[in-house]
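Reading through the C-alpha cells given below for one structure.
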Amino acid sequence: MPRMFGTDGVRGLANRALTAQLALDLGDAAVRVLGDDGDKSEFDGRRRALVGRDTRVSGDFLAAALSAGMSAGGFDVIDAGIIPTPGVAYLTSVLNVEMGAVISASHNPMPDNGIKFFARGGFKLPDTKEDEIENVLGQDWERPTGAGVGRISHDTATATNLYIDHLVSTIAPIGPDKSQPTPLKGLKVVADCANGATSVVAPEALRRAGADVIVINASPDGYNINKNAGSTHPEQLQAMVKASGADLGVAFDGDADRCLAVDEDGNMVNGDQIMGILARAKKNAGKLNHDTLVVTVMSNLGLQLALRSMGIKTVQTNVGDRYVLEEMLRGDYSLGGEQSGHIIFLEHNTTGDGLVTALQLLAVLKRTGRTLTDLAGIMKKYPQVLVNVHSDNKAGLDDCQPIWDAVAAAEKELDGRGRILVRPSGTEPLVRVMAEAETHELTQRVVDDIVEVVKRELP
C-alpha cells in the first residue's frame, strides 16, 4: 500500500481524497505522535499547535476539521488564518509550539488541497514521523476530557505581522535607534502573488524594505489561486515587467514557498539561476558554508559546471525541499534549493521561502548595481526537456524493466554528454521524464522515446 504522505504532506482532491473526516483524523493522530508525552493539567501549561492555510475555499472546512482533531486531543490551537507555508514554519519555531500545520496544495490547481506538519522548531517531519502518524490514524485512544481538551483561538493579525517583521529583517535589520533601513529603495519590482497566501504579506514586506512595488494577482476569492497567475503561469508578470519598465518581477505560488523571477526584458529566471546568483553572492561575502550549494537531481547540469568554475561545490539530493533541508542539516550547509524555486536560507528559515528568496535576490541587484539579465548569465543552461506523464500506476515504476531498458538505450546514445532522470511525482499521479543534452533536438528525442514506453507500460 503506498504511503499517504508524499514529498510534501498529504494531498488530494478536496472533499474526495482529502475529506473533513481525514483532516480530523490527521489532527487527532498528529497530537499523539508530536505531542509531549508528559501529562499536562490546566495548571501546568498547555500544549499548543499552530494552523495556517492558503486561500483555497476548501481551506475553511479543512482548517476547522484539523483544528478540531488537535483540540480534541488536548492541544490549544492558534488559527493563524491565511499565511504562507514558510510563515507557519517560522512561527512554529519562534512561538515555541509543539507543532505547526499548513493546509495548502501549493502550486496545484484550486480543487486540490493538502495538509503538512512541522515539528517543534519549524522543521518538516521526517518520513519516520509521518509513518507514525499514518499508523495511528483513525485508531481509538483515551482522549482527554474536561479541562484536558484544548481551545481554538484565531489571531491572524499578530501572526501576519510577526512574519512580515521577520521577512524584512533578513535584509534590513532594525538598527540600535529602532529605525528600519530601506535597502531596496530605487528598485522597481512587479510582484505576482498568484491570488494566494502572499497577497497581503508580499507587497507589505517589499514596500517596507524600500522597493517600489506593482502588485498583480493579489485579490483571492477562494477560487482563483494559481489560475493563470503566479510561478506556474508567469505570462502576466512578464508582460507587466516590460510594460512598466520595472527592474524585475517576482512570482510566487499559492503558498509562497517558491519564487521565480523575470528579468527587465521579460525573460524567465528559474530557481537554478537564482541559486547561482545567491550562491556566488554568499561566497563572496564569506557566508556560504563550506562553499557548497545543495541542489536536487533536477537542477540543470549547467549550474553545477558554472559553480565549479567559481570554486563552489554542489551536493545532490532527491527531489523535495525536505530532502534538501536534511542534507543541509547533515552537512552544515547554509544554502540549498530546487530548480522550481524552493530555496532554503538556513539562517532565516527551515523550509523554502519565496519571499525571503525575492528579498535576497533584490538585495543582490541593489548592492551590485547589475541587471538581472546580467546576473542570470552566471550559467549556461543545457537544453532540458521535462514531460509529465499521467499514470495511475506510478508506484510500479521501480519494477518496470521495459522503461529502464529505454533509459539505458538513451544513456548510451548520450554517451556521457547529458543525463536522464525518470521518477514518480511525490504529490500527483505523474511520472516525470527529464533529460539534458547538448542540443534541444537530441534532448527532445530521447525524452519522447522514454515517454512512449512509460505511457504503454504504466497507463
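The values are calculated or read from the model by the stated rules, or taken from the named source; none is laboratory data. Everything quoted here is computed from the prediction, not taken from an experiment. All Cβ positions, glycine included, derive from the backbone under ideal geometry; neighbour counts span all protein chains shown.
So here's what we get for this one:
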| item | result |
| --- | --- |
| Counted residues, the stretch 306-321 - those being in a loop (DSSP other than H, G, I, E, B) and either among the hydroxyl-bearing types (Ser, Thr, Tyr) or at positive phi (or both) | 2 |
| Within the stretch 291-305, tally of residues that are assigned to a helix (DSSP H, G or I) and either closer than 20 Å to THR351 by Cα or in contact with a helix residue (DSSP H, G or I) (Cβ under 7 Å, 6 or more places away or on another chain) (or both) | 2 |
| Hits in the stretch 66-100 - residues which are part of a helix (DSSP H, G or I) and farther than 26 Å from GLY352 by Cβ | ALA68, GLY69, SER71, ALA72 |
| Unmet requirement for ASP332, which otherwise passes all of (1) surrounded by fewer than 22 Cβ atoms within 10 Å (Cβ to Cβ); (2) farther than 21 Å from ASN289 by Cα | (2) |
| Hits in the stretch 244-272 (condition: surrounded by fewer than 21 Cβ atoms within 10 Å (Cβ to Cβ) and part of a strand (DSSP E or B)) | MET268 |
| Strands (runs of 3 or more DSSP E) contained entirely in the stretch 129-239, each with at least 1 residues that are closer than 24 Å to SER93 by Cα | 152-154 |
| Candidates VAL407, VAL451, VAL446, VAL422, filtered to the one that is over 23 Å from GLN304 (Cβ atoms) and not hydroxyl-bearing (Ser, Thr, Tyr) | VAL451 |
| Members of the stretch 420-446 that are of a type in the set (S, T, N, Q), out of contact with any Gly (no Cβ under 7 Å at 6 or more places or on another chain) and within 19 Å of ASP8 (Cα to Cα) | SER425 |
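So that you can scan it fast, the table gives a plain yes or no per residue for (1) crowded, with 19+ Cβ neighbours inside 10 Å; (2) in the same structural domain as THR427 (by TED's automatic domain parsing); (3) modelled with pLDDT of 95 or more:
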{"residue": "PRO2", "(1), (2), (3)": "no, no, no"}
{"residue": "ALA20", "(1), (2), (3)": "no, no, yes"}
{"residue": "LEU26", "(1), (2), (3)": "yes, no, yes"}
{"residue": "ILE78", "(1), (2), (3)": "yes, no, yes"}
